[in-house]
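Undergrad: Structure in structure tokens, see below.
Each reported figure results from applying straightforward, stated rules to the coordinates on display, with no laboratory input. The shown structure was predicted, so the numbers you read here are calculated from the model rather than taken from an experiment. All Cβ positions, even for glycine, are placed from backbone atoms using ideal geometry, and neighbour counts span all protein chains on display.
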Amino acid sequence: MLKQRIMTAAWLAPLALAGLFGLEGGAFALFAGAIVLLAGREWANLAGVTTRLGRGLVVTGLAGVLLALWFAGAAHAVWPLVLGTLGWALNFYWVSRYPAGTSRWRSTPRRLAMGLWVLVPCWVGFNVLRATEPSGVWLLFVLLLVWAADIGAYFAGRRFGRRKLAPGVSPGKTWEGVAGGMAATALLALGFAAWQSLEATAAAVLLAIAAVVTLVSVLGDLLESMLKRHRGIKDSSRLLPGHGGVLDRIDSLTAAVPTFALLYLQVLPL
């Protein structure tokens, strides 16, 4: 398993970095769209769509939504991010009430609708952040933020973890792990503020935004864990040997990217 993970990461990481930071405009939107469509196929499985034809139709529909947004000039708009934020508020309610509230979302159409407000705003958020100046620096920040949150949570959870965060959804996660993740992202935010020479007010706002986005990224992870537990599967797919599926790699980003993009556009005084 470890050998598979290393081999997959060896080709996947350079490809992802080249696409995320080597492409711009329509080419970047197409690259990010391809990632979202792969995740959409896996989401169809989480929603209970079991046939290849059914999953193909879900991906085709999702592609149509992305194309419609692009040609309508909404690929960098605020309103999809706002709708995504409202959707994540509903996701939080469902995750916090699992398994008692399962009946409210377990139907396949509802889980497919959930995928729309998870995946589409994520694609818009990627486009917004890639277009920021300096070129893509805030996309880099949110990627590093999610990775720092994961690393901080892992080590803090192993060393200090006692109180379970959501035992019915993801038994391994603890409140101490969340605190460790927030400490790691706070340090990252301070480092970015110094790198970008932000004034004290902007640095303080960035620190607060980092805390919010860190918490939201945890929700993204918990949502996918909830859906996988409901479906009785370990990974969203076997597309990436040793790593599971695309959704398993970007579950935290589906929440963090649109949230940070919205806060960047509306709050961060840069």
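Undergrad: Listing ARG110, ARG159 from the residue with the fewest other Cβ atoms within 10 Å to the one with the most, what is the order? Don't skip to the end; give the middle numbers.
TA: Working: ARG110 13, ARG159 10.
Exposure proxy ranking, most exposed first: ARG159, ARG110.
Undergrad: Any idea how far apart THR102 and ALA13 come out in nm if each label point goes 7 Å out from Cα toward Cβ?
TA: 3.8 nm
Undergrad: Mind checking which of LEU37, PHE126, LEU240 is farthest towards the positive end of segment 2-266's charge dipole, using Cβ charges of +1 (Lys, Arg) and -1 (Asp, Glu) about the Cα centre?
TA: LEU240
Undergrad: Oh, and also: Once phi is turned into θ = phi - 60°, what whole-Hz ³J(HN,Hα) does the Karplus curve with 6.51, -1.76 and 1.60 give for every residue of segment 223-229, x standing for Gly and Pro?
TA: 4, 5, 4, 4, 5, 5, 5
Undergrad: When the C-alpha atoms of the chain are aligned to their principal axes, what extent does each axis show, in angstrom, from largest down?
TA: The Cα atoms of the chain stretch 53, 50, 39 Å along their principal axes.
Undergrad: Ok, one more. Just SER237, SER135, SER225 to compare: in a GNM of the chain, with alpha carbon springs under 10 Å, which one fluctuates most?
TA: In this elastic network of the chain, the residue with the biggest mean-square fluctuation among SER237, SER135, SER225 is SER135.
Undergrad: Test of understanding: ordering TRP195, TRP94, TRP88, TRP147 by Cβ neighbours within 10 Å, fewest first, what list do you get? Display every interim value, and only then the final one.
TA: Details: TRP195 10, TRP94 19, TRP88 22, TRP147 16.
Lowest to highest Cβ neighbour count: TRP195, TRP147, TRP94, TRP88.
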